[in-house]
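Colleague: Here it is, the structure, as structure tokens.
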Amino acid sequence: MIFPNRTINMQHIILCGGSGTRLWPLSNRQTPKQLLPLFEGNSLLQLAYLRNSIACDSVLAIVNEQHAATVEEQLLKSSATNLRLLAEPVGRNTAAAIALAAFVSEPETILLITPADHLIGTPDIYAHTIETAQSLAAGNSLVTIGLQPLYPETGFGYIQYSGHDVIRFVEKPDANNASIMVESGDFLWNSGIFCCKASILLQELKQYAPEIYETAALAADEWKRTGRLSLEAMENIPSTSIDYAVAEKSQRVKVVPSTMEWSDVGSYEALTEALVHHYQYQNHQAVFIGDGSGNNMVIGKEKLVALVGVEDMVVVNTPEALLIMKKGKGQEIKQLHQWVKENRPELL
């Protein structure tokens, strides 16, 4: 597939943070979900790079210092060229990461900013979506991608819109409000994908989040001089999301509605859907075994796990822990993860 506007200079910014807590114990601090080679040998990070390489001529990965070597190895394995890594000694949320990316990029470069841990299908629809976003960004807009909601999800942010105009952002509504918004047809899921010129993003940061702008500028200068970010410089940057810092306040924000297939792979139910339906995993080297008759999913590496007479179960068997979960309870893993953090932190 040829991307029509490849002649416009666009850099892929991959946000490689995120701990994948809802996929514990498969995802952990050493190998979070975006680095797990789950998809025909590729990780979500590698898939993110590959689908955007058709549109971008360089890539900058914003990574946790702990994962920098693995991220670099995976991207080089995927034949990434013009690759730079910016390793954070501590994460300070998306506003800090995106500000740093803008400060170390050429002002007129269009930044395509994507999370590393999302799964996106329908490549032709995705390419068309990014082409539209690129065109709006070239006209000095801050562009976000909105997804047609499939159901009233309470774990996502929403965007009320008209055409390409953003009316307002709504953060993670309750079930009743989510249902009302989906039924109205005026709302999109917020994908967390942005597209904008580096200079425009910095202008908006300076106006709406001056403390982030100033402290990120100092950290970026340090990185340019020394090739590294100090813990002190990072901790000086306020920790907040790019939505709250800029997108919810800026008058330059536009949205591109899209019908592309998208998943944040944020639960075992979503992972099961991705593996079985997108990658046809029924039996993959005893790592993923789907029992079609019982709608069960088993993830295990060390030994055989057999299920008899049960349905709608997820079993995750790792050397550190064994998880047995009824499908539909995936959101409760966050509470379990918090318990493990407080009582058995060595298992994380």
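Colleague: Just the residues that are among the polar types (S, T, N, Q) and not in a loop (DSSP other than H, G, I, E, B), please, taken from the stretch 133-175.
Modeller: Once the filter is applied, which keeps residues that are among the polar types (S, T, N, Q) and not in a loop (DSSP other than H, G, I, E, B), the stretch 133-175 yields Q134, S135, T144, Q160, S162.
Colleague: Right, next: Could you say whether any residue in the stretch 47-63 is in a helix (DSSP H, G or I) and either on the phi > 0 side of the Ramachandran plot or open to solvent by less than 10 Å² (accessible area, probe 1.4 Å) (or both)?
Modeller: Yes, the stretch 47-63 has at least one match.
Colleague: Only one of G185, G121 is open to solvent by 10 Å² or more (accessible area, probe 1.4 Å), touching a His at 6+ places or on another chain (Cβ under 9 Å), at pLDDT below 95 and of a type outside the set (A, V, I, L, M, F, W, C); which?
Modeller: G121
Colleague: Can you report the number of residues in the stretch 86-130 which are acidic (D, E) and under 20 Å from G18 (Cα atoms)?
Modeller: Within the stretch 86-130, residues that are acidic (D, E) and under 20 Å from G18 (Cα atoms) number 2.
Colleague: Let me ask something else. Looking at the structure I just gave you, is A102 in a helix (DSSP H, G or I), within 23 Å of K249 (Cα to Cα) and assigned by the TED database to the domain that holds V59?
Modeller: In short, yes.
Colleague: Now for a different question. Would you please name the residue that is most open to solvent (accessible area, probe 1.4 Å), looking only at residues in the stretch 74-83 that are outside any strand (DSSP E or B) and of a type in the set (A, V, I, L, M)?
Modeller: This residue is L76.
Colleague: Give just the number: which of (1) modelled with pLDDT of 95 or more; (2) among the polar types (S, T, N, Q); (3) touching a His at 6+ places or on another chain (Cβ under 9 Å) does S263 not satisfy?
Modeller: Here S263 meets the rest and fails (1).
Colleague: What are the residues in the stretch 142-157 that are more than 24 Å from Q331 (Cα to Cα) and either touching a Cys at 6+ places or on another chain (Cβ under 7 Å) or surrounded by fewer than 17 Cβ atoms within 10 Å (Cβ to Cβ) (or both), if any?
Modeller: Correct list: L142, V143.
Colleague: Given the condition modelled with pLDDT of 85 or more, open to solvent by less than 90 Å² (accessible area, probe 1.4 Å) and in contact with a Gly (Cβ under 6 Å, 6 or more places away or on another chain), answer yes or no: does some residue in the stretch 316-331 qualify?
Modeller: yes
Colleague: Shifting gears a bit: Would you please name the residue that is surrounded by the fewest Cβ atoms within 10 Å (Cβ to Cβ), looking only at residues in the stretch 188-204 that are of a type outside the set (V, I, T) and either assigned to a helix (DSSP H, G or I) or free of Cβ contacts under 8 Å to residues at least 24 places away in the same chain (or both)?
Modeller: The selected residue is S199.
Colleague: Here's another thing I want to ask about it. I'm told K341 meets every condition in (1) over 15 Å from S19 (Cα atoms); (2) open to solvent by 80 Å² or more (accessible area, probe 1.4 Å); (3) not hydrophobic (A, V, I, L, M, F, W, C) except one. Can you identify the failing condition by its number?
Modeller: Failing condition for K341: (1).
Colleague: Checking the structure you have, find out if any residue of the stretch 84-95 is part of a helix (DSSP H, G or I), crowded, with 17+ Cβ neighbours inside 10 Å and hydrophobic (A, V, I, L, M, F, W, C).
Modeller: The answer is yes, given that some residue of the stretch 84-95 is part of a helix (DSSP H, G or I), crowded, with 17+ Cβ neighbours inside 10 Å and hydrophobic (A, V, I, L, M, F, W, C).
The values are calculated or read from the model by the stated rules, or taken from the named source; none is laboratory data. Just so you know, these numbers come straight off a predicted model, no measurement behind them. So basically every Cβ, Gly included, is an ideal-geometry build from the backbone, and we count neighbours across all protein chains shown. With ligands, DNA and RNA removed, areas are computed over all heavy atoms of the protein, side chains included. Shrake-Rupley method; radii C 1.70, N 1.55, O 1.52, S 1.80 Å.
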